[in-house]
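The values are calculated or read from the model by the stated rules, or taken from the named source; none is laboratory data. Every value quoted in this text rests on a predicted model; they were computed, and no experiment measured them. In this analysis, Cβ positions are derived from the backbone assuming ideal geometry, glycine residues included, and neighbour counts consider all displayed protein chains. Protein only, heavy atoms only, side chains kept; ligands, DNA and RNA dropped before computing areas. Shrake-Rupley method; radii C 1.70, N 1.55, O 1.52, S 1.80 Å.
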Amino acid sequence: MGGPLTAPPVFPQWRGEPLDEVLYHCRELLEDDTYPTVRRWRESGGKVIGHFQVYFPEEIAHAAGALPFKVRGGPVEPTQADSRFGSYLCSIVKTSLELVLSNRIELEVFVTHPICDAARNLAAVWGRNFDYPCQILYLPQNANSAHAITYLRGEYDRLRRTIAEATGTPITDDALRGSIGVFNENRALLRELYRLKRESPWLVSADEAYALVAVGGLIPREEHNTLLGVVLPQLAARSAKRQDRIRVVYEGGFCEQPPLDLIRAIGRSCYVVDDDLLIGLRWILEDVAAGEDPLGSLAESYLERSSYSPVQHDLRKPKERMLLERIRQAGAQAAIVTAAKMCEPGLEEQVAYTRALDDEGVPYFVSEFEENMTSFEHLEIQLETFVENILFE
Amino acid sequence: MAQTTADGIVGRGNTDGARLFREWFAGLTRAAEEGRGGAYVFVMGSLAELLRTFDLPIVFPEINSLQTAVRRVAHEYLNEAEDFGYSPDICGYVKADVATQLRGGELPMGRIPQPAIAVYTNACNTYIKWAEIWERMYDVPIVTLDVPGTRAAGTQTWPGDPDFENDRRYVQAQLEELIPLLERVAGIAFDIDRLRESMHQANAMTRAWKRVLELNRSRPSVFNALSDGTIFLGVANGFRGSVEGARYFEELVEEMEYKSAHGIGTLTDERYRLIFVGVPCYPIFRRFSELFTELGGTFVSSTYLHFASGGTSLGFEYDLERPIESLAEGMLISVRDAMDNMFFQTDMLLEMAETYAVDGIVYHPIKSCRTVSTGLADNRRALMARRDIPSLFIESDMMDRRVVSEAQLKNRIDAFFEGLAARRQQAAIRDT
């Protein structure tokens, strides 16, 4: 493989540290707008494949020895990107472009998806500003067509050729099978983290869990697996006591991410027992079979064994029913239904979600957020009032 | 061609377009009163050729919504949808339609039937979210005809290329899955000969549409792409695949050829030839157009004529010997072209500027539509870097008058024309 898989770890700071320090380093990495792990990877000669939210078959980039970098905006001011866009847009689209215009991140390939009207424009905008391949991966939007898997397998093959050419590394089926194994392990570890959130939310706060998941988009997945493998048993062994907090599901973080401080603020009032934050990293729900046809297996898993989000229409997964199911499975008492400002699919879905929650008598808190918002006091007071209403009902 | 006179021919397209539009709405109103369900479709890949063969009344919610803005009642509809829970920051077309549904289909132009089915492409992602609303309201089948678009600028593939064939097989499979569903919804057996006939009419319309667009290279231009063009688009969508639609466009070609041959332009004293990029400002539609025409500006072309006609302008004609395969191929190529006119439009605009001999480009991003608007500022930057051509960038909306400031628009437009005049003056001095 062409990547620096034998190079030193790009995120060594946490190793050998006590649990709280490990979590501190994860949070710091997440909020570091210099992206040190990606820089170190490049300094070791590694290639980087940037992929915009929500889901991307990272195994294909990994099999080329490249680092799949999750492009999901960032804690930066879009000073250069602002002039490339109009006024009425979500923040993530602008800050994502800012990361590359400001040279914080350098890529070999950029891939976006037709998840929404803004995101699908990114390939064109990016391509007018950079010479490397900038393209749309057309994940199927007719998930119920019997031909969708076959089509997607072909689309993944096209992506395989693009990445192989850009990285100079042929992507063999054997390499893909190896990568699928790495990502299967990662998905299993993330499922374990979410099991802990559901069953013992007092052992891992909302922002801790989020930081542990999110760093996965910034470091090689092998390193992420090592990190989670060390941290999960320590979290489970924590001596924290259960508190009298309501159990909530957080919905609305499938694309633009709320700031860590907002997640922390929510965690102060509630136990967030499940959520859709960075759902793309957890999109595939079970192990992918690394058999005869690894691309076919990835395509099948994307469609047949996957989560839900407002940006995929699938007759088998009506979103409001899926949310109610998530709430039921997590044993949650209420939902926090958010949407990023100017996010068309998120804002539209809010209406369906809240009506379904009304019908089922599930209390909910509705809000909008922006990734770079800095003031949470008003929201926190509103949320506390909401929580008190439930606690003392 | 028959001998024609200015009396009988000039202006016929607009008059007949308005008449056809009224007839179309009268038909929809009748269908609503009879309790018949409609096929809800969108302009970028309506599949009217196929749906027409099932005798389903065809409803274009985008056109209905923009009509509420043109008739200056959009705010009532938007407010109603916002009271229902929809955000001020989402597509105004969606909200106007939500309110229309809440009103039992009542619109200023008549009444539309409830959906029996919705069929839409992914050319706009909001189509999918919009159809989900009907799915929830009425529990009717909604079908995404997923048409993979161009992956990166300049990388379109064509028949025979393995990537194209992968896309084509996918589109064809979806069409083959859709037909039995349409049979169930409409209660009518699929008739491939009716499809051939409908595709034959669509071919005639496509040929004529392409010719109409070309004829506006005349000087003076023979129609205004913004005002007249919107009428043509209404017919192109509402009557695609029909005898009336094909005849309308053949007669429109006749009119435009007549005007071109006789040097008859629009009502504007054409001093500046412009391209319009984006979606019109429907809340002040006539006034918006006048802000340009009063200063001698006429829109000779627009990206709107290309994408809102579903890519028909590319001129793809169906092979009637193999209708389903050809329909799939045509959808793929045409809808992809519609998307290209929104996302990857730099080269097209440069070519358009050349072939239509334009003096300036007007970009009009709008709050309501991120599909069209997201990349416009960057597109303008890239285009200016490649060619020295004046451009104007003005933001407003296609539906919501709360974000339309006529005074601000006028200031910017006036300044743009002053720049055009100064540029022409400097060029004249240079040439003497």
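Post the alpha-carbon centroid distance, the range A:302-358 to the range A:255-280, in whole angstrom.
Cα centres, the range A:302-358 to the range A:255-280: 15 Å.
List the lysines whose Cα sits under 19 Å from the Cα of residue A:94, skipping any in the same chain fewer than 8 residues away.
A:70, A:341, B:367
Run the helix sum for chain A: -39,500 (n - 2.57) per DSSP H stretch of 4+ residues, divided by residue count, reported at 222 nm to the nearest 500 deg cm²/dmol. Could the numbers behind the result be given before it?
Values: 14 runs with 183 residues, N = 393.
Helix-only estimate at 222 nm: -15000 deg cm²/dmol.
Accessible area of residue B:70, 1.4 Å probe, to the nearest 10 Å²?
Its accessible surface works out to 50 Å², give or take rounding.
Could you tell me the calculated FRET efficiency between residue B:36 and residue A:7, based on Cβ-Cβ distance and R0 = 45 angstrom, to the nearest 0.05? Please report the intermediate quantities before stating the final value.
On the way: r = 67 Å, r/R0 = 1.49.
Given R0 = 45 Å and the Cβ-Cβ separation, E is 0.10.
Which ³J(HN,Hα) values in Hz, rounded to whole numbers, follow from the phi angles of the range A:352-367 under the Karplus curve 6.51 cos²θ - 1.76 cosθ + 1.60, where θ = phi - 60° and Gly and Pro get x?
Rounded to whole hertz, the list is 5, 4, 5, 5, 5, 5, 4, 4, 8, x, 8, x, 8, 10, 10, 7.
Residues of B:155-161, mean number of Cβ from any other protein chain within 10 Å of their own Cβ, rounded to a whole number?
Mean partner-chain Cβ count within 10 Å for B:155-161: 1.
What number, in nm² with one decimal, is the all-direction average of the projected area of the convex hull of the alpha-carbon atoms of the range B:110-249? It would help to have the intermediate numbers written out before the result.
Working: hull surface 46.7 nm².
With the hull built on Cα positions only, its mean projection is 11.7 nm².
Straight-line reach from residue B:259: which aspartates and glutamates fall under 17 Å, measuring Cα to Cα and dropping same-chain residues less than 8 apart?
B:7, B:16, B:214, B:228, B:250, B:251, B:269, B:270
Can you work out ³J(HN,Hα) from phi for every residue in the range A:38-53, in order, using Karplus 6.51 cos²θ - 1.76 cosθ + 1.60 and θ = phi - 60°, giving whole Hz and x for Gly and Pro?
5, 5, 4, 4, 5, 5, 8, x, x, 9, 10, 10, x, 9, 6, 3
Suppose a student asked you for the relative contact order of the range A:2-150, using Cα pairs under 8 Å spaced at least 6 residues apart; what percent would you report?
19 percent
Say R0 is 51 Å: what FRET efficiency, to the nearest 0.05, do residue B:351 and residue A:44 get from their beta-carbon distance?
Efficiency, from the Cβ-Cβ distance: 0.70.
Would you mind giving the mean number of other chain beta-carbons within 10 Å of the Cβ of each residue in B:172-178, as a whole number?
Partner Cβ neighbours, averaged per residue: 4.
By how many degrees, between 0 and 90 and to the nearest 10, does the Cα long axis of helix B:346-355 differ from the longest principal axis of chain B?
Long axis of B:346-355 versus the principal axis of chain B: about 60 degrees.
Using helices alone, what [θ] at 222 nm do you get for chain B, with -39,500 (n - 2.57) per DSSP H run of 4 or more residues, divided over all residues and rounded to the nearest 500?
Helix-only estimate at 222 nm: -18000 deg cm²/dmol.
Note down the relative contact order for chain B as a percent, whole number, built from C-alpha pairs under 8 angstrom at least six residues apart.
In percent, rounded to a whole number, it is 19.
Would you grab the residues whose amide H sits under 5 Å from the one on residue A:53? Only those 5+ places off in sequence or on another chain, please, with H modelled 1.01 Å from N.
Here A:71 satisfy the definition.
Positive end of the charge dipole of the protein assembly as shown (Lys, Arg +1 and Asp, Glu -1 on Cβ, about the Cα centre): tell me which of A:168, B:377, B:68 has its Cα farthest that way.
B:377
Tabulate in residue order the Karplus-calculated ³J(HN,Hα) for the range B:390-395, using 6.51 cos²θ - 1.76 cosθ + 1.60 with θ = phi - 60°, rounded to whole Hz; enter x for Gly and Pro.
x, 9, 10, 10, 10, 10
Relative to the first principal axis of the alpha-carbon coordinates of chain B, what is the inclination of helix B:92-102, with its axis defined by its Cα atoms, in degrees from 0 to 90 and to the nearest 10?
That works out to roughly 40 degrees.
Rounded to the nearest Å, what's the spacing between the alpha carbon centres of the range A:16-70 and the range B:348-421? Just the number, please.
First find each Cα centre; the distance between them is then 39 Å.
At 7 Å along the Cα-to-beta-carbon direction for both residue B:408 and residue A:130, put a label point, then send me their distance in nm to one decimal.
3.2 nm
Just to verify a number: FRET efficiency for residue B:422 and residue A:243, C-beta to C-beta distance, R0 = 51 Å, to 0.05?
0.10
Order A:95, B:432, B:157, most accessible first, counting only protein heavy atoms with a 1.4 angstrom probe.
In descending accessible area the options line up as B:432, B:157, A:95.
Considering amide H positions built from the backbone, and no H for Pro or chain starts, which residues 5 or more places from residue B:392, or on another chain, come under 5 Å of its amide H?
It is B:361, B:362, B:363, by chain and number.
Can you pull the mean other chain C-beta count within 10 Å for peptide B:340-347?
Taking all residues of B:340-347 together, the mean is 3.
List the lysines whose Cα lies under 17 Å from the Cα of residue A:319, skipping any in the same chain that are fewer than 8 positions away.
B:129
Once you wrap a convex hull around the alpha carbon atoms of chain B, what is its projected area averaged over all directions, in nm²?
21.2 nm²
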